[in-house]
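Read the structure below first, then the notes.
The values are calculated or read from the model by the stated rules, or taken from the named source; none is laboratory data. Because the structure is predicted, anything quoted here is derived from the model rather than measured. Cβ sites come from the backbone with ideal geometry, for glycine too, and all protein chains shown count toward neighbours. Note: accessible area is taken over every heavy atom of the protein model, side chains too, but ligands, DNA and RNA are not part of it. Shrake-Rupley method; radii C 1.70, N 1.55, O 1.52, S 1.80 Å.
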Amino acid sequence: MKKHLVLIYQNIDIPFIFEEAEALEIRLTLINRPDHQSDHQSVKLPAVQRQISIDIFNEEEAINELKNLNEHDPIDGVMTLFDGAVTFTSLLAEELNLPKSGENSHIHLRDKSAMRNQFSAYDINNPQYKVIDDMSDINIIKSMKYPVVIKPKTGFSSLGVIKASNEQEAKNGIEAVQAINEQTLDYMSLNEGNSFSGIIIEEYIDGPEYVAESFVNDGETSILSIGYKGNPTGPYFEEGIYIAPAQLSQSLKEEIEVQVIRANRALGIVNGPTHTELRVGADKAPYILEVGARIGGSGVSHFIVKESTGINLAKWSLCTAIGEKVKISNINETSKCIAGNYIIPTKGHGEITKFNGIHNVLKQEETKRLLQFLNVGNFVEAYPNFSGYPGFVLTTHKNYEACVNYYKWLQNEISINYK
Ligand code: ADP
């Protein structure tokens, strides 16, 4: 009998996890957000045996529903690539006695202030940070060193992440983030009756951004790749590029590795993938912005790691999730090629009337896949709200410079018209 894995809130436009599950002959039950169920159900997805609509933020009912499923079709593992579902996935694994990434790690992972507190306890570089749990804490902004970054404690995808250069901007930013919490995130915060999911204010780390993909096996971290993510300066942090491997000095590479290994330990992650975003400060030290105990970018990290190193990250992660031991091998220092993700920028907002350049981009040999998420007729909201990215161009190149040149070309080639 094929193994049965429950996959929670997967973006179905990013195919890697479905494809790799099929290659491993794993059967998937896909749990959809109730507002996505009807769109998803009409699509035939590799390895997916059934789709169920469950509101995981109504936690008790959701767990009961999946316990019922487990009784008539035993579940071997549970997994998510969606940040907002990491906590629930971990709780479900606990309830059904399934393999999980760590003991209590979800508590630190879903709450950016809990994560920072853990980092302080484990000698990990932390920017100065303060927490606003209640609007009466707002005077905290007087004691910060500017610029700062304001963000929801339980946010994801840069939703409501805002840079502020002075107290007035900070006050406006906090009000904007509070509105985003009320509209979207309070509901998802699984905070036992507390309807304010909170805000964290951090010192702005002014330097290049990197992302490390790691895999933890029985508490032992292997760093699979470190990629470059540009140098976004805000005030909103729309994602732009991801190129791996990054061009790093040996000493910075080693310092990033040390921070990632310590962070995995601090967060209690003992098995499975982690996706860690960092920025290098003026003091040349790497500071972790966030760790996700999951494959990053809904599966994009799998593409990057597989193309640039040959390691099948999704395969390792799926096997670990169903309790099969993974043989960690094939980690070597030389990359096979440069792999990257060019995230199509929104460059505006309103209703999309035209998407230009896609056909030509698809014809180029550097383009391995083009995943388009928004189309003519979709509405893009202005930042700090987040309507999703227009699309990803996933590419490979012989060398770093070729990748940079290709992305410069893409910048002019792809454009979106709005009304
Ligand atoms: P999310 O989980 O919503 O993606 P992050 O904490 O990862 O939020 O922040 C999103 C982006 O905002 C980061 O990738 C980075 O570009 C920027 N950012 C966040 N915190 C800081 C900070 N302290 N200093 C500089 N940039 C930051």
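The mean sequence distance of close C-alpha pairs (under 8 Å, at least 6 residues apart), as a share of the length of the chain, puts its relative contact order at 15 percent. The listed peptides 77-85, 344-352, 197-205, 28-36, ordered by packing as a protection proxy, come out as 77-85, 197-205, 28-36, 344-352 (highest mean of other Cβ atoms within 10 Å first). Using a probe of 1.4 Å, the accessible surface attributed to Cys403 totals some 0 Å² when neighbouring protein chains are kept in position.
Heavy-atom accessible area, probed at 1.4 angstrom with all protein chains present, ranks Lys163, Lys327 as Lys327, Lys163, highest first.
Working from Cα pairs under 8 Å separated by at least six residues, relative contact order for region 43-196 is 16 percent. Based on C-alpha pairs under 8 angstrom that are at least 6 apart in sequence, region 312-385 has a relative contact order of 32 percent. Distance from the Cα centroid of region 10-50 to that of region 139-180 is 36 Å (rounded to whole angstrom). Taking Thr87, Thr274, Thr233 as the candidate residues, the one with maximal mean-square fluctuation in a Gaussian network model of the chain, Cα springs under 10 Å, is Thr233. For the options Gln49, Gln168, Gln250, a Gaussian network treatment of the chain with springs between C-alpha atoms closer than 10 Å singles out Gln250 as fluctuating the most. Highest GNM mean-square fluctuation, the chain, Cα pairs closer than 10 Å: which of Glu94, Glu254, Glu213? Highest fluctuation among the options: Glu254. What shape does the chain have by the C-alpha gyration tensor, where a ≥ b ≥ c are the square roots of the eigenvalues, rounded means a/c under 1.5, and otherwise prolate means a/b greater than b/c and oblate the rest? Note, shape of the chain comes out rounded. Stretching the chain fully between Glu175 and Lys336 yields a gain of 53.3 nm (0.36 nm per residue, less the alpha carbon separation).
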